[in-house]
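S.K.: Got a structure here, written out as structure tokens. Questions coming.
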Amino acid sequence: MNTKPVVTQMDQLLGSLGFTRQKMTWNRKVGLFVDVVDLQPSKTGDALTVNAGVLHPGVHKVCWGDDAPVFVEEPTCTVRARIGQLLDGKDLWWRDDGENVASEIVEQVRAHVVPFVDRMHSVEALAKQLKCFGVTKQKYPPPIICLAVLMWENGDVAGANALLNELRKQTLGAWQTKVADVIERLARLRSQRPQ
């Protein structure tokens, strides 16, 4: 699929909203948050979808133990979604590379992706979205860890600790170590906060 028409039209839309691009990923800093939109080609290269996310740098530091990258890729985000998830909950891929498809993708980004990232500029909004996505019912640890850190940031220390301790019991190996590291980082942060 020829992605050039899509990238060109996405540049026009997202550039006008303050995003900058590297390859097929756009970033925009809003306060301490980083909004991310990317185009993801299929493995066979014959289709394209759109991913979006918002990174909270403080949450990233607690989760991963290092600073967020200067330019953020979508998998690094605190909250992430595919465009189909935002429209109707179904995965959505475009297969044609004509001008009409580029216009359709950009219109869907304007209508659904931009409002999604615009709503995610608070700890409360990020936590609420992760809960809406049902991350605690899924087995993949990163969004659960992010939710726990957001809960902690929002003052729900007991809830965050309970979520992390439950996750630590359910995971093995490297993920179990990662969860223990996050618990330790949060304990250090708590001891540094004025009472």
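The values are calculated or read from the model by the stated rules, or taken from the named source; none is laboratory data. Here the structure is a predicted model, which is why all the values come from computation and not from measurement. Ideal geometry is used to build each Cβ from the backbone, glycine not excepted, and the neighbour counts take in all protein chains shown.
S.K.: Scan (1) within 18 Å of PRO41 (Cβ to Cβ); (2) assigned by TED's automatic domain parsing to the domain that holds ALA180 for the single condition VAL109 breaks and write down its number.
M.R.: If we test VAL109 against (1) within 18 Å of PRO41 (Cβ to Cβ); (2) assigned by TED's automatic domain parsing to the domain that holds ALA180, just (2) comes out false.
For (1) at pLDDT 95 or above; (2) surrounded by 15 or more Cβ atoms within 10 Å (Cβ to Cβ), each residue gets a yes or a no:
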{"site": "ASN100", "(1), (2)": "no, no"}
{"site": "ILE105", "(1), (2)": "yes, yes"}
{"site": "ALA125", "(1), (2)": "yes, yes"}
{"site": "CYS132", "(1), (2)": "yes, no"}
{"site": "LYS139", "(1), (2)": "no, no"}
{"site": "TRP152", "(1), (2)": "yes, yes"}
{"site": "VAL182", "(1), (2)": "yes, yes"}
{"site": "SER191", "(1), (2)": "no, no"}
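S.K.: Checking the structure you have, find out if any residue of region 101-116 is more than 14 Å from the chain's Cα centre (by Cα), without any contact (Cβ under 8 Å) to a residue 24 or more places away in the chain, over 30 Å from GLN176 (Cβ atoms) and part of a loop (DSSP other than H, G, I, E, B).
M.R.: Among the residues of region 101-116, not one is more than 14 Å from the chain's Cα centre (by Cα), without any contact (Cβ under 8 Å) to a residue 24 or more places away in the chain, over 30 Å from GLN176 (Cβ atoms) and part of a loop (DSSP other than H, G, I, E, B), which makes the answer no.
S.K.: For the structure I just gave you, tell me whether LYS43 is in a strand (DSSP E or B), outside the structural domain of GLN129 (by TED's automatic domain parsing) and over 17 Å from ILE83 (Cβ atoms).
M.R.: Details: in a strand (DSSP E or B): no; outside the structural domain of GLN129 (by TED's automatic domain parsing): yes; over 17 Å from ILE83 (Cβ atoms): yes.
So LYS43 fails the test.
S.K.: Still on this structure: Is there any pair linking a residue in region 163-187 that is not assigned by TED's automatic domain parsing to the domain that holds VAL149 to one that is surrounded by 14 or more Cβ atoms within 10 Å (Cβ to Cβ), with Cβ under 9 Å and at least six apart or on different chains, and which?
M.R.: none
S.K.: Sticking with this structure for a sec: Being among the β-branched types (Val, Ile, Thr), surrounded by 18 or more Cβ atoms within 10 Å (Cβ to Cβ), part of a loop (DSSP other than H, G, I, E, B) and at pLDDT 95 or above narrows it down to one of VAL59, VAL34, VAL72, so name that one.
M.R.: When all the criteria are applied, what remains is VAL72.
S.K.: Could you tell me whether region 142-151 includes any residue that is outside the structural domain of LEU14 (by TED's automatic domain parsing), free of Cβ contacts under 8 Å to residues at least 40 places away in the same chain and among the β-branched types (Val, Ile, Thr)? Steps first, answer last, please.
M.R.: Restricting attention to region 142-151, the residues satisfying the condition of being outside the structural domain of LEU14 (by TED's automatic domain parsing) are 142-151.
Narrowing further to those that are free of Cβ contacts under 8 Å to residues at least 40 places away in the same chain: 144, 147-148, 151.
Now drop any that are not among the β-branched types (Val, Ile, Thr), which leaves 144.
Within region 142-151 (the criterion being outside the structural domain of LEU14 (by TED's automatic domain parsing), free of Cβ contacts under 8 Å to residues at least 40 places away in the same chain and among the β-branched types (Val, Ile, Thr)), the answer is yes, since at least one residue qualifies.
To keep it simple, each residue is scored yes or no on (1) without any contact (Cβ under 8 Å) to a residue 60 or more places away in the chain; (2) in the same structural domain as VAL37 (by TED's automatic domain parsing); (3) closer than 20 Å to LYS29 by Cα; (4) touching a Phe, Trp or Tyr at 6+ places or on another chain (Cβ under 7 Å).
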| residue | (1), (2), (3), (4) |
| --- | --- |
| GLY65 | no, yes, no, no |
| GLU74 | yes, yes, yes, no |
| THR78 | no, yes, yes, no |
| GLN85 | yes, yes, no, no |
| ALA127 | yes, no, yes, no |
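S.K.: Which one of these is assigned to a strand (DSSP E or B) and either hydrophobic (A, V, I, L, M, F, W, C) or in contact (Cβ under 8 Å) with a residue 12 or more places away in the chain (or both): ASN51, ASN2? So that I can check it myself, show each step before the final result.
M.R.: Working: ASN2 fails: assigned to a strand (DSSP E or B).
Going through ASN51, ASN2 in turn, the sole match is ASN51.
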